[in-house]
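What follows is a short report on a single structure.
The values are calculated or read from the model by the stated rules, or taken from the named source; none is laboratory data. Remember, it's a predicted structure, so these values are computed and weren't measured experimentally. Every residue, glycine among them, receives a Cβ derived from its backbone with ideal geometry; neighbour counts consider all protein chains shown.
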Amino acid sequence: MPVRALSIGTSIYNGEQVIAMGVSAVTIDHNMYLKAVFSANAGHGMSSFVRLGFND
(Lines give C-alpha, C1' and ligand atoms only; values in the text may rest on other atoms or scores of the structure.)
Protein backbone atom coordinates (compact mmCIF):
# COMPACT_ATOMS: atom_id res chain seq x y z
CA MET A 1 0.00 0.00 0.00
CA PRO A 2 1.52 3.38 -0.95
CA VAL A 3 2.04 6.19 1.51
CA ARG A 4 -0.22 9.14 0.55
CA ALA A 5 -0.54 12.82 1.52
CA LEU A 6 -2.95 15.66 0.73
CA SER A 7 -2.26 19.37 1.20
CA ILE A 8 -4.40 22.47 0.68
CA GLY A 9 -3.28 26.09 0.91
CA THR A 10 -4.50 29.59 0.21
CA SER A 11 -2.82 32.97 -0.14
CA ILE A 12 -3.25 36.47 -1.54
CA TYR A 13 -0.87 37.58 -4.31
CA ASN A 14 -1.11 40.93 -6.12
CA GLY A 15 -4.56 41.43 -4.62
CA GLU A 16 -5.94 38.11 -5.91
CA GLN A 17 -6.80 35.16 -3.70
CA VAL A 18 -5.14 31.90 -4.70
CA ILE A 19 -6.00 28.36 -3.62
CA ALA A 20 -3.88 25.28 -4.27
CA MET A 21 -4.32 21.57 -3.65
CA GLY A 22 -1.72 18.87 -3.98
CA VAL A 23 -1.58 15.11 -3.59
CA SER A 24 1.42 12.84 -3.42
CA ALA A 25 2.06 9.13 -3.08
CA VAL A 26 5.16 7.01 -2.73
CA THR A 27 5.47 3.25 -2.76
CA ILE A 28 6.49 1.54 0.48
CA ASP A 29 9.91 0.64 -0.97
CA HIS A 30 10.37 4.29 -2.12
CA ASN A 31 11.10 3.22 -5.72
CA MET A 32 8.32 5.26 -7.34
CA TYR A 33 6.50 8.47 -6.49
CA LEU A 34 3.65 10.54 -7.91
CA LYS A 35 2.90 14.21 -7.25
CA ALA A 36 0.04 16.31 -8.61
CA VAL A 37 -0.81 19.97 -7.92
CA PHE A 38 -3.69 22.17 -9.05
CA SER A 39 -4.08 25.89 -8.31
CA ALA A 40 -6.56 28.62 -9.24
CA ASN A 41 -6.87 32.33 -8.49
CA ALA A 42 -9.76 34.79 -8.27
CA GLY A 43 -8.83 36.16 -11.73
CA HIS A 44 -9.70 32.77 -13.27
CA GLY A 45 -6.08 31.77 -13.83
CA MET A 46 -5.34 28.07 -13.35
CA SER A 47 -2.28 25.85 -13.39
CA SER A 48 -1.48 22.22 -12.72
CA PHE A 49 1.30 19.68 -12.98
CA VAL A 50 1.83 15.96 -12.53
CA ARG A 51 5.19 14.36 -11.81
CA LEU A 52 6.03 10.66 -11.82
CA GLY A 53 9.47 9.66 -10.63
CA PHE A 54 11.59 6.58 -10.12
CA ASN A 55 14.48 6.04 -7.71
CA ASP A 56 17.32 3.55 -8.15
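Please go through region 1-20 and pick out each residue that is of a type in the set (A, V, I, L, M) and in contact with a Ser or Thr (Cβ under 7 Å, 6 or more places away or on another chain).
Those that are of a type in the set (A, V, I, L, M) and in contact with a Ser or Thr (Cβ under 7 Å, 6 or more places away or on another chain): Ala5, Val18, Ile19, Ala20.
Looking at region 18-36, can you tell me whether even one residue there is under 14 Å from the mean Cα position of the chain (by Cα) and aromatic (Phe, Trp, Tyr)?
The answer is yes, given that some residue of region 18-36 is under 14 Å from the mean Cα position of the chain (by Cα) and aromatic (Phe, Trp, Tyr).
Does region 1-10 hold any residues that are under 17 Å from the mean Cα position of the chain (by Cα) and either outside any strand (DSSP E or B) or among the hydroxyl-bearing types (Ser, Thr, Tyr) (or both), and which are they?
Result: Pro2, Ser7, Thr10.
For region 36-56, which positions are modelled with pLDDT under 90 and of a type in the set (A, V, I, L, M, F, W, C)?
Result: Ala42, single match.
Report, by residue number, each residue of region 11-56 that is surrounded by 10 or more Cβ atoms within 10 Å (Cβ to Cβ), hydroxyl-bearing (Ser, Thr, Tyr) and either touching a Lys or Arg at 6+ places or on another chain (Cβ under 6 Å) or assigned to a strand (DSSP E or B) (or both).
Ser11, Ser24, Tyr33, Ser39, Ser47, Ser48
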